Amino acid sequence: IPMGRDALKDIEDVLWGKERRGTEYRLMLAEALAPLAREYDLIVIDTPPTRPIVLQLVLGATRWVVVPTKSDRSSIGNLAELAAELTEVRQANPHVEVLGVVPFDFDTSGARIRRNAVEDINAVLDGASSLFLDHDGEVTTIRHSSAAVDARNAGKLVHELAEIAKEEEAGEPWWKALREGRRPERIPGSVGGLADDHLLLTNAILTRIDKLESANREE
């Protein structure tokens, strides 16, 4: 269910009004989703970190939080701000927890940048358990690729754009269009790798959720 800036502003206005009146607003989304929740295995909510009152509303309805962060220390430092938001919302929703952190927009050739970023994330979160790992024990990251922008501009998911790229490869060669004086609309070749990154991340997220919730059931 997509939502634009205007709708978010309307929601903010409603929430600020409830907060000023001393009304507990942080469980409103949870209460709205409750009748639907049993019909779904997973409900994913994407929320901007720059709207704190909306973030509190979303965290009030959340069990597991997945946090994307870039490699610079300013972005990683924002994880501490999220920790404060979690502490605040636990008054209403004591079950919310960070499932993991996802380093994204990473240069795949920047081994030193990746290593430093992982060290910084571990320092902020006090342990590597909050980073997603692949089967080889490597940190799961999302690479930098202009294909991410192309996917947004086309209104496609990354894996959908990757499928289109495959179809284009099987169609007219790009050099033929150039020879005829036409400019081919080419999708970056990195889109396949970016789609693979998302697939690995999805698998890591679902695996961790299953492991933690199975442990909770056993307790």
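Observations on the model:
- Rounded if a/c under 1.5, otherwise prolate or oblate - segment 1-61, Cα gyration tensor axes: oblate
- Accessible area per residue for segment 1-126, computed on protein heavy atoms with a 1.4 Å probe, is 64 Å².
- Applying a DSSP loop filter and a limit of 10 other Cβ atoms within 10 Å to the GluC sites (Glu not before Pro) in segment 1-86 leaves 39.
- Cross-link table 18/156; 70/166; 70/156; 70/211, entries beyond 32 Å C-alpha to C-alpha: 18/156
- Chymotrypsin sites (Phe, Trp or Tyr not before Pro) within segment 2-102, DSSP loop, no more than 15 other Cβ atoms inside 10 Å: 40
- Between amide H atoms placed 1.01 Å from N, distances below 5 Å from residue 140 occur with 132, 133, 134, all of them 5 or more places distant or on a separate chain.
- Share of carbon and sulfur in the accessible heavy-atom surface of segment 30-168 [1.4 Å probe, %]: 51
- Descending principal axes extents, segment 37-107, alpha-carbon based, whole Å: 40, 26, 18
- The ellipsoid equivalent to the alpha-carbon distribution of segment 1-146 has semi-axes of 31, 16, 16 angstrom, derived from the gyration tensor eigenvalues as √(5λ) and listed largest first.
- Between the amide H of residue 65 and those of 97, 98, 99, 100, distances stay under 5 Å, these residues lying 5 or more places away or on another chain, with hydrogens modeled in the peptide plane.
- Full extension of the chain segment joining residue 159 with residue 33 gains 42.6 nm, where the gain is 0.36 nm per residue of separation less the Cα-Cα distance.
- In this Cβ point-charge picture (+1 for Lys and Arg, -1 for Asp and Glu), the chain has a dipole of about 520 debye about its Cα centre.
The values are calculated or read from the model by the stated rules, or taken from the named source; none is laboratory data. Quick caveat: nothing in here was measured; it's all calculated off a predicted structure. Neighbour counts run over all protein chains shown; Cβ positions are idealised from the backbone, glycine included. The accessibility values were calculated without ligands, DNA or RNA, using every heavy atom of the protein model including side chains. Shrake-Rupley method; radii C 1.70, N 1.55, O 1.52, S 1.80 Å.
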